[in-house]
Amino acid sequence: MKLHGYFRSSASYRVRIALNLKGLSAEHLSHHLRKGEQRAPDYLAINPQGFVPTLQGEGGAILTQSLAIVEWLNEAHPTPPLLPTDPMSRALVRAFAQVVACDIHPVQNLKVLARLRELGLSEEKVTEWAAWANREGLIACEKLIANEAGPFCFGDAPTIADLCLVPQLANARRFGVDVAAFPRLLKAEAAAKALKAFADAAPERQSDAE
Ligand SMILES: N[C@@H](CCC(=O)N[C@@H](CS)C(=O)NCC(=O)O)C(=O)O
């Protein structure tokens with residue numbers, strides 16, 4: 001398999017964690033987002049949105065959208081499972097993951113922040129926007145798992161929720177959010193980061209890290 005990504009991309013980070021948890025290897029192909037390499041014509045041919053990640057899977061299939069990739073990996077390689085078994089618990093995990101992947105991340109990604117600059121927002125206001133988006137979403141995430149014993153987001157093993165949370169907390173810190181306000185999220189993050197699969201997927205451990 002080939003994973004098209006970028007060390008600092010939180011959506012790529014989700015897929016790197018999933019691959020590691022499943023014990024799968026992939027060739028990592030870096031696209032420098034700040035240099036705009038995600039918009040090169042040959043890359044747009046495989047990912048028309050100009051986003052990373054893209055996974056070129058077994059048999060050459062091209063998969064986009066990190067959560068779709070992670071769900072495919074989980075179905076094609078069921079062990080260890082990244083979702084609980086009963087339907088209600090699966091829905092709760094997916095809901096948490098979607099707060100991050102559908103409601104926080106998209107409004108603070110590079111393309112959106114670049115557009116805000118084009119529309120005249122100062123660098124300070126752009127950072128304020130990104131911090132706001134992260135803080136608002138993480139407040140909800142904290143509440144969603146407040147009554148979950150953990151130590152992971154849901155239970156004693158990582159799920160898709162943790163795959164989304166850990167990269168998003170990294171983004172939140174980059175935008176200056178005081179994450180100490182989220183003790184339950186930090187508990188899940190600590191449990192996750194203690195696992196080699198998460199540690200090896202960290203941005204600073206990637207070969208394209210700057
Ligand atoms: N929903 C997509 C989001 C992908 C995405 O936004 N990727 C970012 C990096 S984390 C990207 O490629 N940004 C490039 C840009 O904004 O131009 C997914 O989960 O795969």
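The set of residues from the stretch 5-50 being touching a helix residue (DSSP H, G or I) at 6+ places or on another chain (Cβ under 9 Å) and charged (D, E, K, R) comprises 8, 14, 16, 22, 34, 37.
Identify, please: which residue in the stretch 19-54 is assigned to a helix (DSSP H, G or I) and within 12 Å of the ligand (Cβ to nearest atom) and is, among those, surrounded by the fewest Cβ atoms within 10 Å (Cβ to Cβ)? Per the criteria, the residue is 35. Put simply, of 130, 146 the only residue that is at negative phi and either surrounded by 13 or more Cβ atoms within 10 Å (Cβ to Cβ) or within 17 Å of the chain's Cα centre (by Cα) (or both) is 130. Of the residues making up the stretch 97-111, those that are assigned to a helix (DSSP H, G or I) and within 7 Å of the ligand (Cβ to nearest atom) are 101, 105, 106, 110, 111.
Taking the numbered list (1) assigned by TED's automatic domain parsing to the domain that holds residue 92; (2) within 23 Å of residue 21 (Cβ to Cβ); (3) outside any helix (DSSP H, G or I) in turn, residue 207 passes all entries but (1). Condition check for residue 61 on (1) within 16 Å of the chain's Cα centre (by Cα); (2) not assigned by TED's automatic domain parsing to the domain that holds residue 108: one failure, at (1).
When we screen 82, 63, 92 for residues that are modelled with pLDDT of 95 or more and either in a helix (DSSP H, G or I) or surrounded by fewer than 18 Cβ atoms within 10 Å (Cβ to Cβ) (or both), the only hit is 92. What pairs come up if the first residue lies in the stretch 19-43 and is among the aliphatic types (A, V, I, L, M), the second is assigned to a loop (DSSP other than H, G, I, E, B), and their beta carbons are under 6 Å apart, counting only those six or more places apart or on different chains? Correct list of pairs: 19/26; 26/1; 33/6.
Taking the conditions exactly as written (acidic (Asp, Glu), within 16 Å of the ligand (Cβ to nearest atom) and more than 16 Å from residue 162 (Cβ to Cβ)), does residue 58 satisfy them or not? When the stated conditions are applied, residue 58 does not pass them. Taken as a whole, the stretch 34-41 holds no residue that is charged (D, E, K, R) and closer than 17 Å to residue 158 by Cβ.
Within the stretch 148-182, the residues that satisfy the criterion of being under 24 Å from residue 19 (Cα atoms) and either assigned to a loop (DSSP other than H, G, I, E, B) or among the hydroxyl-bearing types (Ser, Thr, Tyr) (or both) are 150, 151, 152, 153, 154, 155, 156, 157, 158, 159. For the stretch 51-85, the candidate set comprises residues that are small (Gly, Ala, Ser) and in contact (Cβ under 8 Å) with a residue 24 or more places away in the chain; within that set, the residue that is nearest to residue 16 (Cα to Cα) is 66.
The values are calculated or read from the model by the stated rules, or taken from the named source; none is laboratory data. In this text, all values refer to a predicted model and were calculated from it rather than measured experimentally. When we count neighbours, we look across all protein chains shown, and the Cβ atoms used for this are built from the backbone with ideal geometry, even at glycine.
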